[in-house]
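No value in this document is a laboratory result; all are computed from the given coordinates. Treat the numbers as computed from the prediction; the structure is a model and nothing was measured. Counting neighbours? That spans all protein chains shown, and the Cβs are built from the backbone with ideal geometry, glycine included.
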Amino acid sequence: MRIILLGAPGAGKGTQAKSISNKYNIPHISTGDIFRKNISERTPLGIEAKKYIDNGQLVPDELTIDIIKSRLVEEDCENGYLLDGYPRTVEQAKALDVFLNEREANLDTALLIKVPREFILERMTGRRVCPSCGASYHVKFNPPKNEGICDICGSDIIQRDDDAEITVNKRLDIYEAQTHPLIEYYKSRDLLSEVDGTQAINDVFESVSKVLNELRK
Ligand code: AP5
Ligand code: MG
């Protein structure tokens, strides 16, 4: 299956992506995770991307499109993939369409995790992430078993630099202006599906599974 996850920052894309990737056996590709890995390794890409990410801005399309294209030709993507955080602009969506058309491949769906803005701030400011394995937690909604320690790999969990309140608000404004139009983009192509992302994490996953199981029939 080839799936795009759409949704505002903090909607729960990364949280659901981990479960979807396990259940449907497709790689979880997050441009945000790719950028953060490069930032922590201080690669030229990371140094460039950090300038934008720390400010809550989008990394320029040229850079992002190249990165995703080189990731999607890797062997593990042959039977599908789950894109989390890409596309984020109409330009990026068009580049993905070209990439798919060249390979005579189709998207199965663009799945929107719908969460109104008033829920987002608490989710983002309470989020903690594992810098080693990328697992995501929430101090209230999804705490690790041992405070401050990643359940999966045992590393100390941290707060993302771009989860400060002021940056979160900026990211939400940019989402409205640049990424929200993708909902219409995929709706007009009859590819949009959506789930209520305000439910508890397991219930969101149940809704997601229903949508994806329907598509597999
Ligand atoms: P990215 O890492 O993609 O960030 P984002 O879209 O802002 O999304 P988040 O990761 O913040 O939220 P999420 O939806 O994954 O939520 P999560 O599951 O963690 O991108 C970071 C930056 O990189 C961007 O700002 C941009 O600069 C750059 N970038 C990335 N891709 C780009 C692109 N294509 N083009 C240009 N620039 C790009 O959940 C959030 C919290 O809520 C967690 O604490 C979680 O435990 C909790 N939670 C999740 N679900 C629930 C629930 N149902 N109930 C209660 N709590 C929940
Ligand atoms: Mg994420």
Could you count how many residues in the stretch 121-164 are within 18 Å of Asp84 (Cα to Cα) and of a type in the set (A, V, I, L, M)?
3
Would you be able to say whether some residue in the stretch 153-167 is more than 16 Å from the chain's Cα centre (by Cα), part of a loop (DSSP other than H, G, I, E, B) and among the β-branched types (Val, Ile, Thr)?
yes
Selection from the stretch 23-44 of residues within 16 Å of Lys13 (Cα to Cα) and more than 11 Å from ligand 1 (Cβ to nearest atom) yields Lys23, Tyr24, Ile26, Pro27
When Pro116 is run through (1) farther than 18 Å from Val195 by Cα; (2) over 15 Å from the mean Cα position of the chain (by Cα), the failure sits at (1)
Return the residues of the stretch 125-141 that are assigned to a loop (DSSP other than H, G, I, E, B) and either within 18 Å of the chain's Cα centre (by Cα) or within 15 Å of ligand 2 (Cβ to nearest atom) (or both); say none if nothing qualifies.
Gly126, Cys130, Pro131, Ser132, Cys133, Gly134, Ala135, Phe141
Keeping to the stretch 45-84, report how many residues are over 24 Å from Ile158 (Cβ atoms) and either more than 9 Å from ligand 1 (Cβ to nearest atom) or in contact with a strand residue (DSSP E or B) (Cβ under 9 Å, 6 or more places away or on another chain) (or both).
18
